[in-house]
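Asker: Below you will find the structure I want to go over with you.
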Amino acid sequence: MINNMLGQNIKAGAVDGEDSGQLRPQKCILTVEQLSAWYGNRMAIQDISMGIGAQHITALIGPSGCGKSTFIRCLNRMHEVSEGGRVTGRVFMDGQDIYASQIDPVAVRRRIGMVFQKASVFPTMSIFGNVASGISLTRFWSRRRDLHDVVERSLKKAALWEEVKDKLDQPGASLSGGQQQRLCIARAIAIEPEIILMDEPCSALDPISTLRIEELMLELKRDYTVVIVTHNMQQAARVSDWTGFMLLGQLIEYARTKEVFTVPKDKRTEDYITGRFG
Amino acid sequence: MKAQSGYFRRQQFSRMMLVLCGVATAMVILVLILILGYTLVNGISYLSLDFITQQSKPVGEAGGGMRDDIYGTFILVGLASLIALPVGLMAGIFLAEFAGPKMASAIRFAADILAGVPSIIVGVFAYAILVRPMHTYSALSAGVALAIIMIPVVARTAEESLRLVPNSQREAALALGISRWRITLGVIVPGAVTGIVTGIMLAVARIAGETAPLIFTALGSAFGVQGLTQPIGALPLQIYRYALSPYSDWQQQAWAAAFLLVILVLGINIVVRLVSRRKKK
C-alpha cells in the first residue's frame, strides 16, 4: 500500500544496499530485524532493519506521522501498551530477542529506558520521590538513606543536582518545564538502563533548556546508548553519530550523521533535509 | 417593519424562557431551604446535649435521647464501609486499569443497574439471605444491605477518578520497568485519591440516610447496641417510628433526629466540597 502511494520502490532503501561497510555501526547494542508495527489494522512502520551503535547517539528524523515514535516505542516494548498496538519482527539485545515469548517486557524496560516528549513527572511525588520511583516501586521496601546516593548520582548526571539539591522534598511538578524534563531523564538514569530512548525530548522546551539537554546527551554517551527522535534537524546534526531518515513508516536512509547531512544517497532524504518537503 | 416585530417577538420569547429557567432554578434552591428550615424550626427546640447523650425512654416518661440510635447509625455505616470499601475500590481499580473495553462496559452496565435497584429491594434481599437463615434481625444484615447499596457508587466514582489520571503517567511508569500493580498502587491511585475520597464520602452520606433496607434488617432496638448479631437502632429508623407514633413527645424527637440527620449529611457534603476544592488548587 505504501509503495503504491509513493509510486516507487522503497524496498531498495539504504539499509538493504550493497555498501555493507556503511550499513550499521561497528558495535551494535541493538539489532533490529524486519520490524513492523500496527495500530489495529493500520500499519505504522514497515519492515525496518537497522543496528543501533553502542554508546552512540542515534537520531531518527522524518516528517510527522512517519513512524519515528512508534519505532522507538517498539525498542523497549512500549508499543504493545498502546491500544491495538502489535509488532512483528525481532530486536536483538546481546543476542537475545526482546520479543521472544519467554522475555518479560518489564525486564526489557529496566534495561532500555525512555524519556517522553512531554515531561511526565509524577505529580504526587517529591523531586526525590520521582527520581527514586523506578527503584522504590520495584522493591518491597527501601529506606531513604539507601536511595539517597542513587538520587544524587542520577540528578548530577542529569545536570539538575545543583538546582534542586536544597529542595528535594518539594513536589516534582514545582519545577520549570526544562527542569522537569531533566528530572525525567534523571528518573530514567536512576534505574541504570543501558539504552535511553528519547522521544522528542526538547520539542516543548525553550532554546536554552534544549541546549542543556543536548549537552547532557553528549555527556550520557560515555556510559549509555542514546536513541533520539527529533523534528529538529540541526539538533540531529549537532548531537548524533548516526542518523536514520524515516518516511511513511519506512527507513529510507541510515548512515553516519555527517554522510546523511552532506551526501545523502536518497533523493527523498535530500529533499527533506534541505526543506523541500515535510 | 415586519422584520422588526419578528425580532421583538423573539426577544420577548427569549426573555420569557430565561425567566422560566430562573424560576425553576429558584424552586430547586427553595426546596432545599424549606427542608432545612422546616427541620430546623421543628427540630431545634428539642435538640440538646441530652438528646445526643441519653438513652431513649419509654412512652410517658419525659426526656430521653437517641444516643443508641446515633451510635447505631455510625456502627452500620462503619460496617457497610468495611465491606463496601475494599470490594468497591478493588472493582473500580479493575474497571479502570485492567478490564478490557468490552468487559469494562459490561461490568459498568451491571454496576449502574445495581446502583439503580430500589433500596427496599436490597433490604428484602438481605432479609432473605441473612435474617431468615439467622432467625434474627441483626446489625450485620443491615450492614450488608447498606454495603450492597454502597458498592456500585464507590466502584464507579473510583473508576471515574482513576480514569482522570492521564495516560502519560502510566506510560512513564511502565517505561521505568515498574509492574502494573505497583504502578496502580504507587502512581495512579495516589493521583486519584481526592476523587476517590470524595466518592466514598458521598456514598457514606447516601447510606447514612437510607431507611427502607433497615426496616427488614436492623429492625431497631429498645435496648441499645447489643452486638452485631442483634437488632440495632439507627437514626432514620427512629425517625420513621417516632414520626408515625401518636405521642407528641416522640414526634418532637423525630423532628430533632431529622434535623440531626440532615446536618450529618450536609456536613459530609460540605467536607466533600472542601476536599475537592483543595485538589483544584
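Asker: Provide the per-residue ³J(HN,Hα) series for segment B:234-240, in order, calculated from phi with Karplus coefficients 6.51, -1.76, 1.60 and θ = phi - 60°, each as a whole number of Hz, with x at glycine and proline positions.
Answerer: 8, 3, x, 4, 5, 4, 4
Asker: Can you list which of the chymotrypsin sites (Phe, Trp or Tyr not before Pro) found in segment A:132-193 are DSSP loop residues with at most 15 other C-beta atoms within 10 Å?
Answerer: A:F140, A:W141
Asker: Let me ask something else about it. Taking the Cα centre of segment B:198-281 as origin, work out the dipole magnitude from +1 charges on Lys and Arg Cβ and -1 charges on Asp and Glu Cβ, in debye rounded to 20.
Answerer: Dipole size: approximately 820 debye.
Asker: If you take every residue apart from A:V229 with its C-beta less than 13 Å away from the C-beta of A:V229, what net charge results, scoring Lys and Arg +1 and Asp and Glu -1?
Answerer: Here the charged neighbours net out to 0.
Asker: Would you mind telling me which residue in B:L266, B:L140, B:L235 has the biggest mean-square fluctuation in a Gaussian network model of chain B, where springs connect alpha carbons within a distance under 10 angstrom?
Answerer: Answer for the Gaussian network model of chain B: B:L266.
Asker: Please report the relative contact order for chain A, taking Cα pairs under 8 Å with a sequence separation of at least 6, and give it as a percent rounded to a whole number.
Answerer: Result for chain A is 27 percent.
Asker: What residue among A:G177, A:F128, A:L160 has its Cα farthest toward the positive end of the dipole of segment A:112-204, where the charges are +1 on Lys, Arg and -1 on Asp, Glu, each on the Cβ?
Answerer: My answer, from the dipole projection, is A:F128.
Asker: Select from B:A91, A:T262, B:Q253 the residue farthest towards the positive end of the dipole of the protein assembly as shown; place +1 on Cβ of Lys and Arg, -1 on Cβ of Asp and Glu, and compute about the Cα centre.
Answerer: With unit charges placed on the Cβ atoms, the residue in question is B:Q253.
Asker: Follow-up question, since we're still on this one. Using θ = phi - 60° and the Karplus curve 6.51 cos²θ - 1.76 cosθ + 1.60, what whole-Hz ³J(HN,Hα) does each residue of segment B:61-69 get, with Gly and Pro shown as x?
Answerer: 7, 6, x, x, x, 10, 3, 5, 6
Asker: When the Cα atoms of segment A:119-178 are enclosed in a convex hull and the volume is divided per residue, what value in Å³ results?
Answerer: 84
Asker: Calculate one ³J(HN,Hα) per residue across segment A:224-235 by plugging θ = phi - 60° into the Karplus curve 6.51 cos²θ - 1.76 cosθ + 1.60, and present them in order as whole Hz with x for glycine and proline.
Answerer: Going residue by residue, I get 10, 9, 10, 10, 10, 9, 8, 8, 9, 5, 4, 4 Hz, with x marking Gly and Pro.
Asker: Hey, what D do you get for chain B in µm²/s if you plug the Kirkwood alpha-carbon radius into Stokes-Einstein at 4 °C and 1.567 mPa s?
Answerer: Answer, rounded: 60 µm²/s.
Asker: For each of B:F51, B:F94, count neighbouring Cβ atoms within 10 Å of the residue's Cβ, then give the residues from fewest to most.
Answerer: Listed from fewest to most nearby Cβ atoms, that is B:F94, B:F51.
Asker: In terms of modelled amide H atoms, which long-range or inter-chain residues lie less than 5 Å from the amide H of A:V227?
Answerer: Counting only residues 5 or more places away or on other chains, the set is A:T58, A:I196, A:L197, A:M198.
Asker: Explain nothing, just the number: dipole magnitude of segment B:51-280 about its Cα centre with +1 on each Lys and Arg Cβ and -1 on each Asp and Glu Cβ, in debye rounded to the nearest 20.
Answerer: The calculation lands at about 720 debye.
Asker: Given +1 on the Cβ of Lys and Arg, -1 on the Cβ of Asp and Glu, and no further charges, what dipole in debye does segment A:200-276 carry about its Cα centre, rounded to the nearest 20?
Answerer: About 200 debye.
Asker: Let me ask you something else. Out of the DSSP beta bridges found with both residues in the protein assembly as shown, what percent are antiparallel (nearest 5)?
Answerer: 60
Asker: Could you work out the relative contact order of chain B? I mean the mean sequence separation of Cα pairs under 8 Å and 6+ apart, divided by the number of residues, in percent.
Answerer: 25
Asker: Which of B:G100, B:M201, B:I270 sits closest to the plus end of the dipole of chain B, meaning its Cα is farthest towards the positive end, when Lys and Arg get +1 and Asp and Glu get -1 on the C-beta?
Answerer: It is B:G100, whose Cα lies furthest towards the positive end.
Asker: Search the structure for amide H atoms under 5 Å from the amide H of A:L30, placed 1.01 Å from N in the peptide plane, and list their residues when 5 or more places away or on another chain.
Answerer: Amide H neighbours of A:L30: A:I52.
Asker: Report, by chain and number, residues whose modeled amide H sits under 5 Å from the one on A:S49, excluding near sequence neighbours (fewer than 5 apart, same chain).
Answerer: The answer is A:Q34, A:L35.
Asker: Now for a separate question. Once you've got the GNM for chain B with C-alpha springs shorter than 10 Å, pick whichever of B:M150, B:M90, B:M103 has the biggest mean-square fluctuation.
Answerer: B:M103
Asker: With 10 angstrom as the radius, rank A:H231, A:H56 by how many other C-beta atoms surround their C-beta, starting from the fewest.
Answerer: A:H231, A:H56
Asker: Here is a follow-up. When only alpha-carbon atoms count, how far does chain A stretch along each of its three principal axes, as whole angstroms with the largest first?
Answerer: 59, 43, 33
Asker: Moving on to the next point. Using Cα springs under 10 Å in a Gaussian network model of chain A, which residue among A:S120, A:S240, A:S82 shows the largest mean-square fluctuation?
Answerer: Fluctuation is largest for A:S82.
Asker: Here is a follow-up. Which net charge results when you count Lys and Arg as +1 and Asp and Glu as -1 among the other residues whose beta-carbon is under 13 Å from that of B:R67?
Answerer: -2
Asker: With a cut-off of 12 Å, note down the residues of segment B:173-195 whose backbone N falls inside the zone around a label point 7 Å from the Cα of B:F98 toward its beta carbon.
Answerer: B:180-182, B:184-185
Readers should treat all values here as calculations from the given coordinates under stated rules, not as data from a laboratory. This is a predicted model, so every value here is computed, not measured. Ideal geometry is used to build each Cβ from the backbone, glycine not excepted, and the neighbour counts take in all protein chains shown.
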